[in-house]
Amino acid sequence: MRTRNFESPLDLSGYDGIRLKIRGDGNRFKLILYDEDDWWGSIAFHAAFDTVEGAWLTVDVPFDSFRAVRRGEAVPEGSPDLRAMRTTSVRSMQLMLSKFTYGMGDLNKSFASGPFYLEVSKVSAYRGDAGATR
């Protein structure tokens, strides 16, 4: 599930990451952030998180845990295309269940074909351990 591009990009530079209030089925999912309007073929930033079947969880996904990915492949270290995520300009976000964690050679060990669920109660940005959110 992916949002449309936000009317105005979100400036999350004053925050440490994204906080999700979720209930899942035990699968590992990905949170994907886009910092460009034209997301097809551009770099997206992926971070994986685990769920516990039937349990409500608050999951903090720090910005420094996101990896640059282009078209299903992690952008390799040393690549001229590798760059940091622009947290000043978050354009859209996506939640995904995928057979791969960060690329074709990195299998999601909890993935199984068939029905799945991920219930989302809240998405916010968080700052530090104190839990300040936006």
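The values are calculated or read from the model by the stated rules, or taken from the named source; none is laboratory data. As the structure is a computational prediction, the values presented were derived from the model and not from experiment. Every residue, glycine as well, gets a Cβ built from its backbone with ideal geometry; the counts of neighbours run over all protein chains shown.
Odds and ends about this structure:
- The residues on offer are Leu95, Leu57, Leu107, Leu82, and the sole one that is closer than 17 Å to Arg19 by Cβ, more than 14 Å from the chain's Cα centre (by Cα) and of a type outside the set (Ser, Thr, Tyr) is Leu57.
- Residue in the stretch 99-113 that is in contact with a Phe, Trp or Tyr (Cβ under 7 Å, 6 or more places away or on another chain), among the hydrophobic types (A, V, I, L, M, F, W, C) and modelled with pLDDT of 90 or more present: no
- Here Gly105 passes the criteria (1) loosely packed, with under 12 Cβ neighbours inside 10 Å; (2) in contact with an Asp or Glu (Cβ under 8 Å, 6 or more places away or on another chain) except the one numbered (2).
- Consider the stretch 4-37 and keep the residues that are surrounded by fewer than 17 Cβ atoms within 10 Å (Cβ to Cβ) and closer than 25 Å to Asp106 by Cβ. The one that is farthest from the chain's Cα centre (by Cα) is Gly26.
- Among the residues making up the stretch 71-125, those that are touching a residue at least 12 places away in the same chain (Cβ under 8 Å) and among the acidic types (Asp, Glu) are Glu73, Asp81, Asp106, Glu119.
- Test: residue in the stretch 86-101 that is touching a Gly at 6+ places or on another chain (Cβ under 8 Å) and either buried (at least 17 other Cβ atoms within 10 Å of the Cβ) or at negative phi (or both): yes
- Hey, Pro115 surrounded by fewer than 12 Cβ atoms within 10 Å (Cβ to Cβ) and under 21 Å from Asp50 (Cα atoms) or not: yes
- Residues that are in contact with a Pro (Cβ under 9 Å, 6 or more places away or on another chain) and β-branched (Val, Ile, Thr) were ranked within the stretch 57-94; the one that is farthest from Ile43 (Cα to Cα) is Thr88.
- Members of the stretch 41-64 found to be in a loop (DSSP other than H, G, I, E, B), modelled with pLDDT of 95 or more and hydrophobic (A, V, I, L, M, F, W, C), listed by number: Val52, Ala55
- Leading residue by the ranking (modelled with the lowest pLDDT) among those in the stretch 1-40 that are of a type in the set (Phe, Trp, Tyr) and part of a loop (DSSP other than H, G, I, E, B): Trp39
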